[in-house]
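The values are calculated or read from the model by the stated rules, or taken from the named source; none is laboratory data. Only a predicted model underlies this, so the values are computations on that prediction, with no experimental measurement involved. Cβ placement follows ideal geometry from the backbone for every residue including glycine, while neighbour counts extend to all protein chains displayed.
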Amino acid sequence: MKKTNRKTVINRLFPSLRSAAAALGIPLDLLKRARNAGCPNFRASGRVDGEGLKRWLRTHKAALRTPGKDEKDEEILQLQIQKLRLINGQLEQAAKRAERDLVDWKASKALFKRTCDIFREHVRRFLLDQSPARLENKTSNQIRTLNEAAYRQFCSDAMRDVANIDLDALCEESKKTKAA
């Protein structure tokens, strides 16, 4: 099939509106509006002069506006823009909420360090309390019983101290150090 360049397509006389629309890349609806607006490049036989039509379309844009339809299209476009702005605003608010709700890693690090300090202190006290002098002259069952009781007390004390950590104060403290 022989290729034709765009210039020869425009200069052609097309046999119908559909073929002109397809070859020129113009919507069929626009060609019908041009014909109804009085474009002289449409023949009574249904043929369409491509070159004259393109020239006429460039000079008569205002005549092709359809009253009501263009305003309605504009109104629909404005509503779509408003909808997109609302969606964008909602997304921005959701992003701000997510950022605010994220756990601050510095506060988490401070909490972890404080928790480790509490456990370290309890382990130190536990080991001092369970000194060999205290376990001297005890049977293995008695030592096991003492160790189990000391372990339960150790866990209870440690968990109580961890539960008493003021998380809000730690978060505020880390925010202050973050800002500085």
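Miscellaneous remarks
- As for the range 124-131, it holds no residue that is of a type in the set (Asp, Glu), modelled with pLDDT under 75 and surrounded by fewer than 10 Cβ atoms within 10 Å (Cβ to Cβ).
- Qualifying residue in the range 92-99 (condition: at pLDDT below 80, farther than 30 Å from Cys155 by Cβ and surrounded by fewer than 11 Cβ atoms within 10 Å (Cβ to Cβ)): yes
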